[in-house]
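All remarks here apply to the structure that follows.
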Amino acid sequence: MPEKKEEKVAKVLKVLKTEYPFEGLLLGVLGALVLVLGIYILEGDVLRITMTDFWLFNTPTKITIFSIVVIIIGSVALLVALAPFFMPGLSEMKRVSWPTKNTMTNHTARVFGFVIFLGMMFVLYDFVFRPIFDFLYGLGA
């Protein structure tokens, strides 16, 4: 049974990618624009809603609530547009063999050890070459 579910999901993603690529791109762009518009309305510096007697915009609290709703709509549209790109990656992450705690500790210690060793080499080079460069700078070189 699980194979049929993966097959069904793969078919849905295939249809979305092959038959409707423009709509997904359009939804992503419009979602980003609506998100930015909502942020601009919320900030009130770049875009202000003024000179209206409409009941939705007649108080600053209502304008803030409206801008939050616009931000939520833009965020959801952007997530829906980007979701098909991340779904194959999530299924692939389930197949990854993750390292054990001991392996992770060992590799982390090696990385930090190498960084400390490299830093000490730069300090050593600085102590060795600084007097030489100071002497050369003193000569006007």
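Bear in mind these aren't lab numbers, they're just calculated from the coordinates by the rules spelled out. Since the model is a prediction, treat every value here as computed from it, not as a measurement. In this analysis, Cβ positions are derived from the backbone assuming ideal geometry, glycine residues included, and neighbour counts consider all displayed protein chains.
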Worksheet item: To the nearest 0.05, how large is the calculated FRET efficiency for residue 65 and residue 120 if R₀ is 35 Å and r is the Cβ-Cβ distance?
Response: 0.05
Worksheet item: What are the principal axis extents of the Cα atoms in region 98-141, in Å, biggest first?
Response: 58, 14, 5
Worksheet item: For residue 82 and residue 104, what does the FRET efficiency come to when R0 = 35 Å and r is the distance between their Cβ atoms, rounded to the nearest 0.05?
Response: 0.70
Discussion item. Give me 116, 72 sorted ascending by neighbouring Cβ count inside 10 Å, so fewest comes first.
Written reply: 116, 72
